[in-house]
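The values are calculated or read from the model by the stated rules, or taken from the named source; none is laboratory data. Please read all numbers here as calculations on a predicted model, not as lab measurements. Methodologically, a virtual Cβ is constructed for each residue, glycine included, from the backbone with ideal geometry; neighbour enumeration extends over all protein chains shown. Just the protein is used for accessible areas: all its heavy atoms, side chains included, with ligands, DNA and RNA removed. Shrake-Rupley method; radii C 1.70, N 1.55, O 1.52, S 1.80 Å.
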Amino acid sequence: MAILDKECVSCHGAAAMSGLDMRQREGLLKGGKRGPAVTPGKPESSLIYLASAHQGELKMPLGSSSPLPAEDLAVLKKWIEEGAAWPAGLAATARPQPSWWSFKKPQRPAVPHPREASRVANPIDAFVFAKLEEKGLTPAPPADRLTLVRRAYFDLLGLPPTPQQVDSFLKDTSPHAWANLIDTLLASPHYGERWGRRWLDVVRYADTAGFEADMYYPNAWRYRDYVIKSFNDDKPYDRFVQEQVAGDELWPDTMDLEGLYGVPPQELEHLEAKVGTSLYGFGPEVRENNLESRKLEYEWLTDTVDTTGSAFMGLTFKCARCHDHKFDPIAEKDYYRLQAIFAGSLPGAVPVVTNLSATKHDEAEHSILALDEARNAYLNFQKQIIDRAMKVKEKEYPPEATTAYDLLAIFRTPKQNALAKPLDEYAKTLKVENLMTPAEKATELTLAENIAKAVVDVPLDSGFDGNVKYDNFYDVPSATVLNDLPLELVPVTYMYSRGDVKTPLEKVTPGLPSALLSDHDPSDLTMSPGGPRFRKQLALWLTKPDHPLTARVMVNRIWEGHFGAGIVATENDFGHQGLPPSHPELLDWLATEFVQQGWSIKSMNRLIMLSNTYQMASLYVSAANSRVDPQNAYLWRMNRTRLEGEAIWDSIHSAAGDINFKMGGRPIMPPLTKAELNGIRDLAQWVPPADPAEANRRGVYLLIRRDFPYPLLDRYDMPENAESCPRRDVTTVAPQVLWTLNSHVSFDEAQRFAARLVRETGDDPAAWVDKAWHIALARPPSAQEKTEALAMMAKLETVPPVKRDASDPLPSELAKVGDVRAEALTKLCLTIFNLDEFVYVD
């Protein structure tokens, strides 16, 4: 019985994978989907013996590469030969201890004592250097301070340090300079933008639904802002998880006023928790599924379970949608029991303002109507101007062409389409502002003024101490969150044959994954009137201090954020198909420390960065180390990492000096060229901001369309966001350098970078080079680099400049040094954007 308890019951007990329950003799004789597990007296015909011996197609235990030890097989064979007797009153343990490492509760290990004690700054170093000694690996020396300050800024803020910030750190010679720098960066509001962006990848964040329609999620950005604020506030991770899974059930509340105009802080806090459930409101969705509500609901539940399993538990639950998991003890029934937890909820919009604010919005309906009518008047005015120009153009074509042009395209014959094509193409080139007379332009200005007046007339600020503001003109500001259905409307959840919603099998009730349950966890979730809803029970179970996965998975993500790879390099797969941890004891120590530190993510950032392991040099070569550990799994040096697309965007704008640090709000769509817009189906779906400064906001605020990623982000390995992405791919392909060399954004920012250099140093090429290196690379240029940069500019000054369009003049600073020199300096700045060092962190 001990062999069954140890090797079999974790999957074939309460989980009953493949329909087999081995906790009683009757279950063994009955068997599962493959028939009886035991034929008494005949081990050679007993499936349990053949699978354990790896004789035949089926090989057990799950995920094993070798059969059971010979002595265990001998015991098993003898037991079957003797009739597979079951001792009276004995049953296999109901909740056996799991055999797989990640399913066991984390246990705090003793901290080792490596021989090289002088380099041990905290327990992280003790575990890492002990492993290096065990493997015979020599650690890299410490990185220099210039490298460290740039590494710290990019790791914590996703931004390059300014020359002033570098100088301040270098001048601080106190023993606490490094710790002080880390504390300063952790307190920055830009910390949440950096680490929030990492989490948004994990939860497959996007502003649109994807697929053919790629419909817009107008409120998704509220979740993005919620995440950024949560990281900045150092919200305990257990609370962060609870809010996203069941914030509405754990902290139900309304936005009622207290007193005359005040909103109680507690209610604002509870509203924030409710916004956390927006996680389940921006997943991929096929719009046409709205025609078939059952399929739409099923696909939503599927995305919900897949995301929950990947983001919070680091397991591939989605593999159990169609059948029992082939490698991990996750039964198909477990998958649908998780779906049943969410079946009583649906995403829906809720106001994020008080009732009084909503009333004031309704009171302003006349102003909204005035704006709409002003817009209609302007559109009619536009049509008159265009029609007048087209009437003039039509005189150049035969009557049959103008007749065809006047028809709607859907009513034209192929011949009429051909006749109308020249006029269609001409109409696309017309710009109203170029066609108006001076008098008409004055009229148009009046219309614009009327529109502005209509906007101003609407009360844009509710006046409640600045806590609640209108940010959407036409609708009451809202967030899409999870809402619970009345109990009588909660649909029945079924298992489906191979995941096909058209082939329901047995009904299932809400329940937690059997293989992860402890002795005190219920097998089935129940709900009494007034009692906790199912999502609340799931959220509290996920955040138990001794949960086997939650803390482990998150500290592994934090580790990956600093080192480029997790201790478990398959950050979303802690199962049998994932890679084993490189430092299992360190992972468990960090998980238990995370809980002891109140689930503080910033505390873990600080602990990791204060270690000497983190402060090692990355530019260190050891042939002996490379033979033993070519992938640097044991961290004998720091990993060199490539910046993500958003950080490259931020770095370019930081160097140019025009980055806009405005935080929060709806996403922005920077202007695109005609060629770039070819990738979008409907040009109306890409709306550049009227204020050019808005286009220079940080990369985390760029619109994320599932079917049309922003070109820079697309080149630099942005995930598709259809499912959880634990770590972005890093490729090196030609389109990356083609973007940074040829993009209008890259060139314009290089020109602004050049103008900044002239503005700050005057007309002095040597000073330009020094300043450019300090701004872009956070270090001075070497003598060779400076010589080569000056020689490059001198050579470029012998080339005639490109003739500029009068509508696109040089910045005033560059105009002072002349076209030739300005163009040479701009090309130097463009070259700096294309240096490996600019997009990599050592």
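Observations
- Just one of the listed residues (Glu676, Glu644) is modelled with pLDDT of 95 or more, open to solvent by 10 Å² or more (accessible area, probe 1.4 Å), closer than 26 Å to Glu723 by Cα and not β-branched (Val, Ile, Thr), and it is Glu644.
- Any hit, the range 609-621, residues being in contact with a helix residue (DSSP H, G or I) (Cβ under 6 Å, 6 or more places away or on another chain), open to solvent by less than 10 Å² (accessible area, probe 1.4 Å) and part of a helix (DSSP H, G or I): yes
- Residues in the range 682-710 that are farther than 29 Å from Pro161 by Cβ and either in contact (Cβ under 8 Å) with a residue 40 or more places away in the chain or touching a Phe, Trp or Tyr at 6+ places or on another chain (Cβ under 7 Å) (or both): Gln685, Arg705, Arg706, Asp707, Phe708.
Okay, residues lined up against (1) aromatic (Phe, Trp, Tyr); (2) closer than 21 Å to Phe838 by Cβ; (3) open to solvent by 10 Å² or more (accessible area, probe 1.4 Å):
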{"site": "Ala143", "(1), (2), (3)": "no, yes, yes"}
{"site": "Trp178", "(1), (2), (3)": "yes, no, yes"}
{"site": "Ala187", "(1), (2), (3)": "no, no, yes"}
{"site": "Arg194", "(1), (2), (3)": "no, yes, yes"}
{"site": "Leu200", "(1), (2), (3)": "no, no, no"}
{"site": "Arg204", "(1), (2), (3)": "no, no, no"}
{"site": "Phe211", "(1), (2), (3)": "yes, no, yes"}
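- Selected residue (criterion: farthest from Ser600 (Cα to Cα)) from residues of the range 555-577 that are open to solvent by 10 Å² or more (accessible area, probe 1.4 Å) and in a helix (DSSP H, G or I): Glu560
- Pair list, Cβ < 6 Å and 6+ apart or interchain, from the range 135-164 residues that are outside any loop (DSSP other than H, G, I, E, B) to residues that are among the acidic types (Asp, Glu) and open to solvent by 20 Å² or more (accessible area, probe 1.4 Å): Thr147/Asp842
- Residues of the range 210-229 that turn out to be out of contact with any Leu (no Cβ under 7 Å at 6 or more places or on another chain) and part of a helix (DSSP H, G or I), as a count: 7
- Taken over the range 721-743, the residue count meeting the criterion of being closer than 18 Å to Val203 by Cα and free of Cβ contacts under 8 Å to residues at least 60 places away in the same chain is 1.
- Qualifying residue in the range 41-59 (condition: modelled with pLDDT of 75 or more, of a type in the set (Ser, Thr, Tyr), within 26 Å of Gln577 (Cα to Cα) and not in a loop (DSSP other than H, G, I, E, B)): yes
- Sub-6 Å Cβ pairs linking a first residue in the range 402-428 that is on the phi < 0 side of the Ramachandran plot to a second residue that is hydroxyl-bearing (Ser, Thr, Tyr), at least 6 apart or interchain, are Ala420/Tyr405; Leu423/Tyr405, ordered by first then second residue.
- If you check Leu346, Leu315, Leu271 for being part of a helix (DSSP H, G or I) and out of contact with any His (no Cβ under 7 Å at 6 or more places or on another chain), only one passes: Leu271.
- Residue in the range 77-87 that is at pLDDT below 75 and assigned to a loop (DSSP other than H, G, I, E, B) present: yes
- Positions within the range 707-721 being more than 17 Å from Met215 (Cβ to Cβ) and part of a loop (DSSP other than H, G, I, E, B), in sequence order: Tyr710, Tyr716, Asp717, Met718, Pro719
- Close pairs (7 angstrom Cβ cut-off, 6 or more residues apart or separate chains): free of Cβ contacts under 8 Å to residues at least 24 places away in the same chain and among the basic types (Lys, Arg) in the range 180-200, open to solvent by 10 Å² or more (accessible area, probe 1.4 Å) and outside any helix (DSSP H, G or I) anywhere: none
- Some residue of the range 641-648 being touching a residue at least 60 places away in the same chain (Cβ under 8 Å), aliphatic (A, V, I, L, M), over 30 Å from Ala693 (Cα atoms) and in a loop (DSSP other than H, G, I, E, B): no
- Pro735 being open to solvent by 10 Å² or more (accessible area, probe 1.4 Å) and part of a loop (DSSP other than H, G, I, E, B): no
- Qualifying position, being at pLDDT 95 or above and surrounded by fewer than 17 Cβ atoms within 10 Å (Cβ to Cβ), among Asp233, Asp256, Asp303, Asp225: Asp233
- Among the residues of the range 655-667, those identified as open to solvent by 10 Å² or more (accessible area, probe 1.4 Å) and over 13 Å from Val745 (Cα atoms) are Gly657, Asn660, Phe661, Lys662, Met663, Gly664, Gly665, Arg666.
- Subset of the range 741-753 (residues that are farther than 11 Å from Cys829 by Cα and in a helix (DSSP H, G or I)): Asn742, His744, Val745
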